[in-house]
Amino acid sequence: MEKMIIFKSQLTEKEKTKVGILINEVIDLYGDFYLTKNNIRLFIKENISVLFDNLKKGDKIAYCDDGVAIVTGFSDKFGRHYIKLLTKSNNIVDHLLKILFWNLNCDLYCKIKKNNPVKRILKRNGFKFAGGRGKEILFIRKYVIRHKENKNGNANRSKN
């Protein structure tokens, strides 16, 4: 059975509670679930209000009972949009990424620790190695324009 994944910017109070409980329950084994403000890493678990403020300002979130994916960079008009993942198991990562791909029309970046097994899932979903520094590696997935289908199921192609 496929998980019901919610994608949005602003959260209701009830949704904030649900997401807050999920974030508090899940252990961030690799220390990759953080936001960066003024060159300082703010771990989301300890700074949940910063996450909710950024969502109000335009950042995006996809979540379900088993995990959360946050896309940062919209709230501060930054040129790069970073994915931050926190899941109960790696089995849900593919589903969260799929929802992000369908709802966002921008390049996506993900910076994780070199030993994080999510790197295999990122590669499987079209992310490419973009660089490394110390214990971390950076991946990028370039945005690909999808053609919309018409009533007959044929793709409409633009003339550009």
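The values are calculated or read from the model by the stated rules, or taken from the named source; none is laboratory data. As the structure is a computational prediction, the values presented were derived from the model and not from experiment. All Cβ positions, even for glycine, are placed from backbone atoms using ideal geometry, and neighbour counts span all protein chains on display.
General remarks:
- The set of residues from region 96-109 being in contact with a Phe, Trp or Tyr (Cβ under 7 Å, 6 or more places away or on another chain), buried (at least 16 other Cβ atoms within 10 Å of the Cβ) and closer than 14 Å to Ile61 by Cβ comprises just one member, Ile99.
- Within region 1-57, the set of residues being within 24 Å of Ile92 (Cα to Cα) and among the hydroxyl-bearing types (Ser, Thr, Tyr) comprises Ser9, Thr12, Thr17, Tyr30, Tyr34.
- Residue within region 134-148 that is small (Gly, Ala, Ser), modelled with pLDDT under 95 and under 23 Å from Leu29 (Cβ atoms) present: yes
- Subset of region 110-147 [of a type in the set (Gly, Ala, Ser), surrounded by 11 or more Cβ atoms within 10 Å (Cβ to Cβ) and assigned to a loop (DSSP other than H, G, I, E, B)]: Gly126
- Flag set for Gly73, criterion: closer than 25 Å to Ile23 by Cα, at pLDDT below 95 and buried (at least 19 other Cβ atoms within 10 Å of the Cβ).
- The single residue among Ile5, Ile27 that is out of contact with any Lys or Arg (no Cβ under 7 Å at 6 or more places or on another chain) and either touching a residue at least 60 places away in the same chain (Cβ under 8 Å) or crowded, with 17+ Cβ neighbours inside 10 Å (or both) turns out to be Ile5.
- Qualifying residue in region 55-76 (condition: free of Cβ contacts under 8 Å to residues at least 12 places away in the same chain and among the β-branched types (Val, Ile, Thr)): no
- Restricting Leu42, Leu11 to those that are surrounded by 13 or more Cβ atoms within 10 Å (Cβ to Cβ), without any contact (Cβ under 8 Å) to a residue 12 or more places away in the chain and within 26 Å of Cys106 (Cα to Cα) reduces the list to Leu42.
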